[in-house]
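Written out below as structure tokens is the structure these notes cover.
Rule-based calculations on the coordinates, nothing more; no lab input. Since we're looking at a predicted model, the values are computed, not measured. Quick reminder, even Gly has a Cβ in these numbers, built from the backbone with ideal geometry, and neighbours come from all protein chains shown.
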């Protein structure tokens, strides 16, 4: 059954308003805690359910489907744990992300390792655990050859290809261009035949992986990338004379609507498009993996910051807040590609409804471009009010940028049981100033004043050869 997108949007906005007010009343926001991240637990559960329902509606009964959350979008253990409880696995791209997934209780059978730069140690760990691995390139496949020969593994192993179908409106999030760094470039001379031969020579290679891009990439382009990958799988299996490729990893990347409250496009729209554009994809012959990230979390997160001061410059009102480049680096450095909606709340955390005024919403960092919004018409923000950056559940408060040594804000999940009834759970404690100092070498304060050579030798006894080597 198709979900009521408008009703869900209204419910999400209402829960957010309740949460901001409650955060102020319960002391999570205030003069001493001037910026926080808020996560809508009900909304996250709804997004996970919508994803599963969309694919359940088009795949043949009994088809194995793994929806693996792209951990990079929100590398927070409680978030991964919540998604795991909702039936969503983890797609990891580093040893750190794998450790987060394991800490959250995500089992190896529901974990996929993707990265263009996996080390031998990372590959050995994944194979020992039985985690699915998608090789990115021929050299990595050579490493897997040696590892598979050295020790048996239960890991499903695949190969990532770049279908080279083109890019979207944001180059940095387009991963299927002619020169993308990811996967084997399928349309390069000789590449397709090399891929086919790679499978025919390796009976243990059973998966094919692709990912066309995310924000700024239209669904039609994503579907074209999947179609080319599906056709390649069919060719490999035909030439092998058996179903060697048994699983297609479709990647993720559903774009997010940052212009309004509505969730568009939807998972249901994408699944139906794939069913129409790629006949045979969902007929049960192939297991499926998806790797959505931003689309699961973005609409369910909000960064809320206190307005410390207001002023005017050149006839423009400016609200100076505590949220800027440290939580929204993409928006600050590329506002045209990553604009954010801003909501205004009064000092009590209640939505402001006064007539709109053109103003800038600035962050705390010491450069002029540190703006969440420029020339935006909003209810007039005043000292002590709160500015909320909406749709920031993915890639924003989870990816801190330590400009000016600004501390990472705390993150809290919330549930709303009714008007005036909001419960919070701490996802990540706010970073302290002492922790900022420790991460910046505080324990080694004098290390450069009197550096010592290894073994305690006088550093003056070491010399630099003309080759640049230390002797």
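Worth pointing out:
- Computed extension gain for residue 415 through residue 220, at 0.36 nm per residue and net of the alpha carbon distance, reaches 66.6 nm.
- Region 190-349 - share of DSSP beta bridges that are antiparallel (%, nearest 5): 50 percent
- Size of the chain as Cα extents on the principal axes (Å, biggest first): 76, 71, 40
- Among beta bridges that DSSP assigns inside region 41-298, antiparallel share in %, nearest 5: 5 percent
- Antiparallel DSSP beta bridges within the chain, percent to nearest 5: 50 percent
- Gained length - residue 25 relative to residue 42, 0.36 nm times residue gap less alpha-carbon distance: 4.0 nm
- Inter-label distance for residue 124 and residue 269, nm, one decimal - labels placed 7 Å from Cα along Cα-to-Cβ: 4.8 nm
- Entry note, the chain: the mean residue ellipticity at 222 nm calculated from DSSP H runs of n ≥ 4, each adding -39500 (n - 2.57), is -9000 deg cm²/dmol after division by the residues and rounding to the nearest 500.
- With the highest mean first, a sort of the peptides 390-399, 121-130 on other beta-carbon atoms found within 10 angstrom per residue produces 390-399, 121-130.
- For region 1-75, alpha-carbon Rg over 2.2 N^0.38 Å: 1.50
- Cα pair distances exceeding 25 angstrom across region 300-435, given as percent: 25 percent
- Alpha carbon centroid spacing (whole Å) that separates region 1-55 from region 91-118: 26 Å
- The chain: relative contact order as a whole-number percent, Cα under 8 Å and 6+ apart: 17 percent
- Hull shadow area, averaged, region 305-366 [alpha-carbon convex hull, nm²]: 4.9 nm²
- P(r) weight above 27 Å for region 41-298, C-alpha pairs, percent: 32 percent
- A simple spin-label model places the labels of residue 234 and residue 366 6.2 nm from each other, with each point 7 Å out along Cα-to-Cβ.
- Computed from Cα atoms, the angle from the helix 138-150 axis to the main principal axis of the chain rounds to 70 degrees.
- Nitroxide proxy distance, nm - points 7 Å out along Cα→Cβ at residue 242 and residue 139: 3.3 nm
- Computed FRET value (nearest 0.05) for residue 350 with residue 404, which takes r as the C-beta separation and R₀ as 35 Å: 0.70
- Separation between Cα centres of region 216-281 and region 196-211, rounded to whole Å: 18 Å
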